[in-house]
Amino acid sequence: MKLKLKLTLLIAGGAYVIFIHAFLIILVLKTDFLFLAGKTLGWIPPEEWAMSLLFRILEQAEQDVDVPSGAVVLLGDSMIAGLDSRLISSDTVNFGIGGDTTRTLYARLPVLRSLTHSEAVIVGVGVNDLKYRSLEQIAHDYGMLLHRLALQPRVIILSVLPVDEAGEAARSRSYLRNEQIRLLNRLLRGECRKQENCRFLDAWPAFTAADGSAPRLGLYDKDGWHLSEEGSRVLAATIRRSLPP
């Protein structure tokens, strides 16, 4: 009887161990458990390095192989990612990623080997950085980014666009303030001036009223931050006019 009980307990214990292992395997393979655990333990930077961004980097590394020489390459956050590259030129490729920051862009440059034989690189990034760092830190990171692009024949830095401060995005994000964005653009322009191959493209006139005091609301989505279809067309046209004929 005791032997039978021991065997029963042993089998039950083994079944429990198998169940726990199976559960852990499912937890790791089918969810973002490891990613969340890494963020909790401080192994992975919070939010800035989202899993979706990592997957997009891998996708773009595969797409980059087919980019021809002499292409115009778009880099940056959701403002860039939302552009129809065909509105800029037939040989433009869009490697924008929503949520991109200056640091994530800097880190992903090595997988974009097409940059070494591009005609021009358009960079539109910086607004997401305001959530994580001071203006001075962002400017420093931007300088590092431009240094890494120093061998490109032409780099065009797009100014960070204004926002509608009455919109829902600005109401829930204290860092989205046009005065801060103006100061950031001033610093980014200064970083651009340090490199011969860099040109700063100020897009504010195209996105604000005549006196520059408020954004043109028809160019923005309902959140007052991201661009509408018309806003994306205006941004594409602004970039297109900055390129040589």
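The values are calculated or read from the model by the stated rules, or taken from the named source; none is laboratory data. Note that the coordinates shown come from a computational prediction; the quantities given were computed from them, not determined experimentally. Ideal geometry is used to build each Cβ from the backbone, glycine not excepted, and the neighbour counts take in all protein chains shown.
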Of a type in the set (Lys, Arg) and in contact with a Leu (Cβ under 9 Å, 6 or more places away or on another chain): does that describe Arg173?
yes
When you scan the range 96-107, do you find a residue that is crowded, with 22+ Cβ neighbours inside 10 Å and farther than 25 Å from Glu136 by Cα, even just one?
no
Do we find a residue being under 16 Å from Asp129 (Cβ atoms) and of a type in the set (S, T, N, Q) anywhere in the range 202-219?
no
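Which of the following residues is part of a helix (DSSP H, G or I) and over 21 Å from the mean Cα position of the chain (by Cα): Arg171, Arg233? Before you say what the answer is, go through the steps one by one.
Details: Arg233 fails: over 21 Å from the mean Cα position of the chain (by Cα).
Being part of a helix (DSSP H, G or I) and over 21 Å from the mean Cα position of the chain (by Cα) holds for just one of Arg171, Arg233, which is Arg171.
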Consider Ser90 carefully, then state whether it is surrounded by fewer than 17 Cβ atoms within 10 Å (Cβ to Cβ), at pLDDT below 95 and over 9 Å from the mean Cα position of the chain (by Cα).
yes
Just give me the residues in the range 217-245 being under 22 Å from Ala170 (Cα atoms) and either surrounded by fewer than 16 Cβ atoms within 10 Å (Cβ to Cβ) or without any contact (Cβ under 8 Å) to a residue 12 or more places away in the chain (or both), in sequence order.
Leu217, Gly218, Asp221, Lys222, Ser228, Glu229, Glu230
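A quick yes/no check of all residues on (1) under 25 Å from Asp223 (Cα atoms); (2) without any contact (Cβ under 8 Å) to a residue 24 or more places away in the chain; (3) in contact with a Gly (Cβ under 7 Å, 6 or more places away or on another chain); (4) not assigned by TED's automatic domain parsing to the domain that holds Ser228:
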| residue | (1), (2), (3), (4) |
| --- | --- |
| Gly143 | no, no, no, no |
| Ala170 | yes, no, yes, no |
| Arg173 | yes, no, no, no |
| Ala203 | yes, no, no, no |
When the residues of the range 116-131 are filtered to those that are in contact with a helix residue (DSSP H, G or I) (Cβ under 7 Å, 6 or more places away or on another chain) and in a helix (DSSP H, G or I), which remaining residue is surrounded by the most Cβ atoms within 10 Å (Cβ to Cβ)?
Asp129
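Would you say Asp100 is in contact (Cβ under 8 Å) with a residue 60 or more places away in the chain and charged (D, E, K, R)?
Against the criterion (in contact (Cβ under 8 Å) with a residue 60 or more places away in the chain and charged (D, E, K, R)), Asp100 does not qualify.
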